[in-house]
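The next block holds one structure in the form of structure tokens; read it before the comments.
The values are calculated or read from the model by the stated rules, or taken from the named source; none is laboratory data. Predicted model only: the values in this text are computed from it and were never measured. In this analysis, Cβ positions are derived from the backbone assuming ideal geometry, glycine residues included, and neighbour counts consider all displayed protein chains.
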Amino acid sequence: MLGIFNKMSKKRATATGEKPQRASAFDNEGLARLIPYFPIGHKLLYYPEYKQELTLSTTIIAYAINNELVYSNSDISWKQEGGKTQVYLNGNLLDKISSFCFIMPMASRGEGELDYGRKESLGKDGGFIKGNNITLKVEQREGRLPMLDATVRKQMLLKEGHYVGHQVAILDVDPTKFRLIEQRSHVRLKTAVPGQLQGKSHHIPLSCTMVDFSDRAARIIYHEEAENSLPTYREGSQVTLSFDLPESTEARVIRGKVIRQHEDMVVMTLDNIMREKAFEKVDSFDIMEIKANLLQQQQSL
């Protein structure tokens with residue numbers, strides 16, 4: 001049990017003369033809706049305090065339901081009974097849920113790739129500072145991006161369970177803050193633009209075709225080169241796409257990360273664009289300019 005939370009809360013209330021706040025009714029239906037999108041052990045992305053440029057990789061190592069640690073997704077279940085969503089923990093009905101938390105490592109991936117300015121903006125402890133808002137997101141499903149805003153309750157060194165001795169962040173989760181953002185609201189343009197796709201700088205670029213383009217990502221089919229076998233662009237790896245636009249004499253070079261890969265197809269994010277001789281962050285003007293050119297080609301597809 002993580003009963004230390006309750007004890008500390010009571011001590012604080014006594015010291016300040018405040019009465020402990022009564023927990024409001026928990027949104028069981030909302031909880032049942034968000035859990036499948038944020039399961040224990042799966043990779044997800046986060047950024048603190050609405051600073052999307054500080055996006056890092058992390059995972060959920062456990063839940064805390066009513067301050068009780070839960071390590072397995074299979075320990076939680078739910079079903080409709082009498083028109084209401086009932087939540088079960090280890091097969092036992094939870095009459096009341098007073099709190100639900102994500103337990104996350106203080107360590108994260110990607111911090112080493114940040115430049116000095118962004119590291120300074122991130123601050124210490126990966127942004128997991130008490131009271132900070134943490135935005136969590138996972139890979140989109142069927143064109144919708146699951147996102148959730150949570151609040152850092154505290155940091156602590158675990159003294160029980162499977163992660164004894166590890167420093168973790170405890171995030172309070174409010175199911176009403178969960179949302180599915182319709183990605184298709186960012187119109188996906190069908191294209192047939194030839195280009196080159198390259199992994200690391202020393203890799204030989206592969207000829208490819210950009211087959212669709214949206215505000216945040218591009219889908220690319222790459223082609224086999226002579227007798228060379230196709231490389232595997234793993235999810236999370238950095239790639240560079242170079243292509244010419246139908247109504248422009250200037251080539252575009254965009255860098256991003258692979259968010260989906262299957263056989264000879266990759267979907268990459270649109271993170272940076274080459275300007276002069278250096279990469280800079282893609283902005284809305286870049287997206288609109290590229291779309292304006294692609295729309296000229298789309299008329300003939």
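The figures follow:
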quantity	calculated
Residue among Val187, Val258 that alone is at pLDDT 90 or above and within 24 Å of the chain's Cα centre (by Cα)	Val258
Scan of the stretch 264-284 for residues that are more than 18 Å from Gln52 (Cα to Cα), out of contact with any strand residue (DSSP E or B) (no Cβ under 7 Å at 6 or more places or on another chain) and not in a loop (DSSP other than H, G, I, E, B), ordered by number	Arg275, Ala278
Among the candidates Tyr63, Tyr50, Tyr71, Tyr37, residue that is at pLDDT 50 or above and on the phi > 0 side of the Ramachandran plot	Tyr50
Considering residues of the stretch 116-137 that are among the basic types (Lys, Arg) and touching a strand residue (DSSP E or B) at 6+ places or on another chain (Cβ under 6 Å) only, the residue farthest from Tyr46 (Cα to Cα)	Lys130
Hits in the stretch 236-275 - residues which are crowded, with 16+ Cβ neighbours inside 10 Å, of a type outside the set (Lys, Arg), touching an Asp or Glu at 6+ places or on another chain (Cβ under 7 Å) and without any contact (Cβ under 8 Å) to a residue 40 or more places away in the chain	Gly256, Val258, Gln261, Asn272, Ile273
Filtered residues of the stretch 102-130 (kept if out of contact with any helix residue (DSSP H, G or I) (no Cβ under 9 Å at 6 or more places or on another chain), modelled with pLDDT of 85 or more and not in a strand (DSSP E or B))	Phe128, Ile129, Lys130
Within the stretch 230-255, considering residues that are part of a loop (DSSP other than H, G, I, E, B) and among the acidic types (Asp, Glu), the one modelled with the highest pLDDT	Glu235
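Residues are listed down the side, and each one gets a yes or a no for (1) under 17 Å from Gly195 (Cα atoms); (2) modelled with pLDDT under 90; (3) among the charged types (D, E, K, R):
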{"site": "Glu263", "(1), (2), (3)": "no, yes, yes"}
{"site": "Met268", "(1), (2), (3)": "yes, no, no"}
{"site": "Lys281", "(1), (2), (3)": "no, no, yes"}
{"site": "Asp286", "(1), (2), (3)": "no, no, yes"}
{"site": "Leu294", "(1), (2), (3)": "yes, yes, no"}
